[in-house]
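Laboratory data are not the source of any read-out in this text; all were calculated from the coordinates shown. What you are looking at is a predicted structure, and each value in this text was computed from that prediction instead of being measured. Positions of Cβ are generated from backbone atoms using ideal geometry, with glycine treated the same way; all protein chains shown enter the neighbour counts.
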Amino acid sequence: MTPNTRLQLCIKAFVRTNFGLWGTIRLHRSAIGADLLRAPLNVFLAPVLLIVRLLALLAKRLGLAKTSLWLSRRKILLQTNASRQVAQRVTDFIYGLEGAGLGVRAPRDAIAHEVAEYTDVRNAVAEITTSLCLLIAGYFIFHRPTPGLFSLIGPVAERRAHSLAVEQFPFGQGLGLAYYAVFSPGLDTWQVVITGIALALVLSVVTTFAGLIADPLQVLTGTHRRRLSRLLERLNTDDAHSGGLAREHVTARLGDLSDLALNLWRFLRG
């Protein structure tokens, strides 16, 4: 058996154990608690991470290697308990390969950096999963695309205002339904704000536990295995600390950009 075959078998076993259904359930037990507060903050910090990574790439293109390296090492996202566990497991796996004669040649700081990047990409995939859930929910519930939070606030606030208006209609709910089928109830600013806050809290919970869906799917499709293989390849070449930008970060932000574009289009159309 060749070293590469042995390595792929080790990667496959690690991925199945840690990111399969039961593995990701055990992993997400640690997410109950403070991670529910960190997750929404990371959602807001994710665009900052993308900007910093783009600046690192630009600096690299301009030949500013030290600047690119400094930017790529910046810790933007808050480390959650789940991410900490992922990082520890991946780190232990990498160092455990040395005992099997499959160790990497990269220094410890490069390993730590690549593992941190790996966990950040996994967080981005959780955001992508949440956006897909929002999109599907929007089509089934509101019959319209809702790729992000802002697209969802309006329809939810309108439906909630309609329900309250029907319940409080002075001549009964039956007549209220008939009346508000013709006339739309007013929508106050405070209702929109409260709806936005409530949805943000709900989405933070969804994002925190999105890995329960995303991890097993990535195991089935081989995505986790390929991502870990690429990580090890970089650690055995000169690509570690390269300041690259994972496509998952870009994809996650496409949901935000499409959400803003969609709402801007609706606003301009009146």
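Could you order the peptides 76-83, 196-203 from most to least packed, using the average number of other C-beta atoms within 10 Å per residue?
The packing order, highest mean first, is 76-83, 196-203.
Compute the FRET efficiency between ALA200 and THR237 as 1/(1 + (r/R0)^6), taking r as their Cβ-Cβ distance and R0 = 41 Å, and round to the nearest 0.05. Can you show the working numbers first?
Values: r = 41 Å, r/R0 = 1.00.
Approximately 0.50, to the nearest 0.05.
Helix 81-99: angle to the longest alpha-carbon principal axis of the chain, degrees 0 to 90, nearest 10?
Once rounded, the angle reads 20 degrees.
So for the range 3-269, taking the charge dipole from beta-carbon charges (+1 Lys/Arg, -1 Asp/Glu), which of GLY172, THR91, VAL48 sits furthest toward the positive end?
Selected residue: THR91.
For ALA112 and TYR139 in one chain, what is 0.36 nm times their gap in residues minus the Cα-Cα distance, to one decimal in nm?
5.6 nm
What are the ³J(HN,Hα) values, in whole Hz, obtained from phi via the Karplus relation 6.51 cos²θ - 1.76 cosθ + 1.60 with θ = phi - 60°, for each residue of the range 206-211 in sequence order, with x given for Gly and Pro?
4, 5, 4, 10, 5, x
Can you give the FRET efficiency to the nearest 0.05 for ALA34 and ARG6, using r as the Cβ-Cβ distance and R₀ = 45 Å?
The pair ALA34/ARG6 has a calculated efficiency of 0.70.
Test of understanding: what is the full-extension gain from LEU132 to ALA100, defined as 0.36 nm times their sequence separation minus their Cα-Cα distance?
Computed gain between LEU132 and ALA100 is 7.5 nm.
Suppose only helical runs count, i.e. DSSP H with n ≥ 4. What mean residue ellipticity at 222 nm does that imply for the chain under -39500 (n - 2.57) per run, divided by all residues and rounded to the nearest 500 deg cm²/dmol? If you can, show how the numbers build up before the last one.
Details: 12 runs with 205 residues, N = 270.
Value at 222 nm, helices only, nearest 500: -25500 deg cm²/dmol.
Compute the acute angle (0 to 90°) between the alpha-carbon long axis of helix 35-61 and the principal axis of greatest extent of the alpha-carbon atoms of the chain; round to the nearest 10°.
Approximately 60 degrees, to the nearest 10.
Beyond 24 Å, how much of the Cα-Cα pair distribution for the chain remains, as a whole percent?
That tail contains 58 percent of the Cα-Cα pairs.
If Lys and Arg each add +1 and Asp and Glu each add -1, what is the summed charge of the other residues whose beta carbon sits under 12 Å from the beta carbon of ARG160?
Residues close to ARG160 contribute a combined charge of -2.
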